[in-house]
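The values are calculated or read from the model by the stated rules, or taken from the named source; none is laboratory data. Source: prediction; values computed, not measured. Virtual Cβ from ideal backbone geometry, glycine too; neighbours counted across all protein chains shown.
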Amino acid sequence: MRAELSHGWMRAAGVVCAGVGLGLALGCETRREIRGTPMLGSLPGAQVGERIRPAGGNRARGMGEIVDESEVRLRIEHEDGSVTLVSRTGRQLMAHIFTTIDSDEGELFVDQVLSEMSKREFAQRGIDPLEGFKYLQTHERAIRKLFNTIPMGEFTPGVFMKAQGDNVFRLEAPTLLHRGLAWTFMDMVFERGSWRLRWFG
């Protein structure tokens, strides 16, 4: 499943890896040193395998926290083969959604992209969250079209995060662009220091 995102989307993501499709393979190698704070790295007692350096440069605000999106590693691959996805902003979450779908990383999607709120709802309905992942794979075109209308997530001009209650926030395409979109918004939840997907609608 391959799709081309606009140049603005790739540039906004700030994670282009040469030779990898779409420029969205977020982390082509293991790095011993990163800038910024990895997911959960600031919690008391948290242990981080990588050396952390203070972030600097262009900054973007996410959920009251300042992060350096140009330098922070969004995908950290550890020596033991495990992966940590960092989603401090909505547009970083968008990148992880697209990448896990495109790379058929269902388990990683369920573990680190899908919100606990949504996983609980799947459980209540007796549905494996992986079925939800497969459903999104079949609707990749709808996701791509939505993301192309909000290529910078909450930093896209005219787009605002709207509180929906229960710690759920909505990123919605501008009304003038709704025509032709199967899905016009993405809901997300801030959980454990990272944005997670609630669902699309």
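Computed values, structure above
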read-out: Sole residue being modelled with pLDDT under 50 and buried (at least 20 other Cβ atoms within 10 Å of the Cβ), chosen from GLY62, GLY56; value: GLY62
read-out: Single unsatisfied condition, ALA173 versus (1) farther than 14 Å from LEU197 by Cα; (2) out of contact with any Ser or Thr (no Cβ under 7 Å at 6 or more places or on another chain); value: (2)
read-out: Given (1) at pLDDT below 95; (2) over 30 Å from PRO174 (Cβ atoms), number of the condition GLY126 does not satisfy; value: (1)
